[in-house]
Structures are given as structure tokens and as C-alpha cells.
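So the structure is just underneath, and the comments pick up after that.
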Amino acid sequence: MTVSSTAPPQGPERSNTEAVRTAGLTKRYGDRTAVDAVDLVVRTGEVFGFLGPNGAGKTTTLRMLVGLVRPSAGTATVLGLPAGDPAGLRRVGALIEGPAFYPYLSGRDNLRVLARRAGASAAAVDAALSQVGLAARGRDRYSRYSLGMKQRLGVAGALLTGPDLLILDEPTNGLDPQGMGDMRELVRSLGQAGHTIVLSSHLMGEVEQVCDRVGIIANGAMVAESTIDDLRGQGHIVVGVDNAARAEAVLAKALGASQVRLVGGAVQIDGRAGDIGAINHALVSHGIGVTEIRRLERTLEEVFLELTSSVPGTNSAAKVAHDAR
């Protein structure tokens, strides 16, 4: 699916508007609930990471946003219009569940077919091929493309008309490390250019590097939605000293007893409780030798596993963690 026409909004007001909002969005297939009362907000101009184990409901949610699936309950608005509204879809580019093109046509000719239907120019075809790194292979038949090349051509199709909102469902599937890096840079550059992007993925490292905020879904239900920094928290400051008990007493007095504790022979401090320089000065001024001071932060993968492991019916977290390494 590739639909788009107008340029993205400009100016500081972008961060105060919503590109996507869902309220109680639900999809049931018989007795099975694939998406369970999802409340979600994607702000205009941000790159939003939509995370979840395989089968968590990510793709079904995205399909409802573009009108491919009708909700069983709840509502969804996209670019201020009901999900699936033709006027809104003209401003959306989407790659959901992998690309599908004519195998006997070249990559360029496949895009030309899409361009004619979407009202895009011939120049837009070449520009889209260049954006995804396929300019030199545009004349090759689609059937000869690798899986990664097919994925990139799908993204090119979604970009043809410069959409306000770009929805990408696992765009790095099939890509080698170089291709994943190229895709990451592409997503980053599109976000910087003002596109709003919803990026569905199970690769934590990719999401951490390109997304402004993330939503985590497990077994059809949203379990978190926030910035990556807020989800990871402020972490801890670990202090190695030659006298841990005395260091604990000094820092407890300076920072508050609830912020300081002994862990494995070192002093651990809440990451929000103090400045590293001030902590070092307090210890040294009391004659305590400091061997190390370092910040210890949780990774997005650790947060993901923590949030999803306790959700009933979720059994893919271990695979996600393995794939993210």
C-alpha cells in the first residue's frame, strides 16, 4: 500500500498534534482476542517504535490503522480522520506484512505501476529507488531480488508520494547487517525530514537508535508507552571503594538513606540521586579511596523482557531477546 500527497506539517506545533490515536481498539477472531483494548498515541513528527513478541498483535493493529481490518470494538483516528478514510490514506505510506510485487516486472516498473495508481510522478520512482539504495538494480526483475532487496523495494513503494505518515512493519526482515544499518539511517533521515513514522519491530537495538518513543504490546494488550529513557529509568550509579560500609554511611547522610545501598561489596546509588563529581568529592573528602564510579543503565531489551514476561500467553520473549543480540 502506498498513498500520500501533502507535505508534512512544519514548525514547533508538530509535537503537540497527534498523527494516530486509538481508544479501546479491539479485534476478535471468534473466541480469540488478537488486539485487546489498545490505547495508543503517535505524535506528529516522531518516530514511534511499536514493539512486541511474535503474535503479540502488532500487525493486526497496523492493519486496522490503514483500514485493512475492521475493529471489533474501539476507535482509531489517523491524521485526524477515521482509520481507513480515503482522504487520510492518501497521506499514508505503508509496508505491512512484507512487499508484494509482480515477479516478472523490474523493480522500477513495479514502482511505476504503483506511481500511476497513486498519482506520483516518474521522477518520484527514481527518487524512491535512490532513497532505499536500489537505483543500480532498478532494471532487474523483482523475481531476482534477494529478500532484503524486496523489503527495500517495499519501503520505496511506501515512499513514492512523500507520505505524512509512514507505517513500516518489520522493515529490516531479511536484511544483512549492512542492509539493516542502511535501513536504520533511512528511517532516521525520514524522521529528521519531518515524516511521522510508526516502526514495528522486535529488534531492540534498532529501535533504541532511531525511535523517539515506543509502545510495547504483549498478547494483544499494551503494557507500556513512553520515551525510551523513561522506560529504562535513570539506572544506578555504582561506586567501588576501599571501605564500603563507611562509604555507605557518608553517602546516605549526603544523599538520603533510601537512595544508597550496599550491593556485592560496592555502593549502589539511585541514578537520580546525585552527580558523579559530587559523589566522588564527598567520598574523597572523608578519606575514602574510590576505585570506580560508573553509571549502570537498563537496556531496552531488559525492560521489554521485564514487561512482557509476566503477561499471560506471552511465550516469545526469549526468542525476541535472542534476535536482538
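For the stretch 23-65, the candidate set comprises residues that are assigned to a strand (DSSP E or B) and free of Cβ contacts under 8 Å to residues at least 12 places away in the same chain; within that set, the residue that is surrounded by the most Cβ atoms within 10 Å (Cβ to Cβ) is Tyr29. Confirm whether Arg213 is among the basic types (Lys, Arg) and buried (at least 18 other Cβ atoms within 10 Å of the Cβ). Spelling it out, Arg213 is indeed among the basic types (Lys, Arg) and buried (at least 18 other Cβ atoms within 10 Å of the Cβ).
Listed by position, the helices (runs of 4 or more DSSP H) contained in the stretch 122-223 that have at least 1 residues being over 17 Å from Phe50 (Cα atoms) and in the same structural domain as Thr17 (by TED's automatic domain parsing) are 122-131, 147-159, 177-192. Of the residues Leu160, Leu186, Leu166, Leu199, which single one is buried (at least 17 other Cβ atoms within 10 Å of the Cβ), over 24 Å from Val41 (Cβ atoms), within 17 Å of the chain's Cα centre (by Cα) and in contact (Cβ under 8 Å) with a residue 40 or more places away in the chain? Going through Leu160, Leu186, Leu166, Leu199 in turn, the sole match is Leu186.
Scanning the stretch 76-121 for residues that are hydrophobic (A, V, I, L, M, F, W, C), closer than 26 Å to Glu18 by Cβ and part of a helix (DSSP H, G or I) yields a count of 3.
For (1) at pLDDT 85 or above; (2) surrounded by 12 or more Cβ atoms within 10 Å (Cβ to Cβ); (3) in contact with a helix residue (DSSP H, G or I) (Cβ under 7 Å, 6 or more places away or on another chain); (4) assigned by TED's automatic domain parsing to the domain that holds Thr227, each residue gets a yes or a no:
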position	(1), (2), (3), (4)
Ala266	yes, yes, yes, no
Ala273	no, yes, yes, no
Ala282	yes, yes, yes, no
His286	yes, yes, yes, no
Gly289	yes, no, no, no
Glu292	yes, no, no, no
Leu305	no, yes, yes, no
Ala317	no, yes, yes, no
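Just one of (1) under 19 Å from Leu40 (Cα atoms); (2) crowded, with 20+ Cβ neighbours inside 10 Å; (3) out of contact with any Lys or Arg (no Cβ under 8 Å at 6 or more places or on another chain) fails for Asp229. It is (2).
Within the stretch 61-76, the only residue that satisfies the criterion of being in contact with a helix residue (DSSP H, G or I) (Cβ under 7 Å, 6 or more places away or on another chain) and within 12 Å of Asp36 (Cβ to Cβ) is Pro71. Taking (1) surrounded by fewer than 15 Cβ atoms within 10 Å (Cβ to Cβ); (2) over 22 Å from Leu186 (Cα atoms) in turn, Ser121 satisfies each apart from (2).
The values are calculated or read from the model by the stated rules, or taken from the named source; none is laboratory data. Every value quoted in this text rests on a predicted model; they were computed, and no experiment measured them. Glycine gets a Cβ as well: all are built from the backbone with ideal geometry, and neighbour counts include every protein chain shown.
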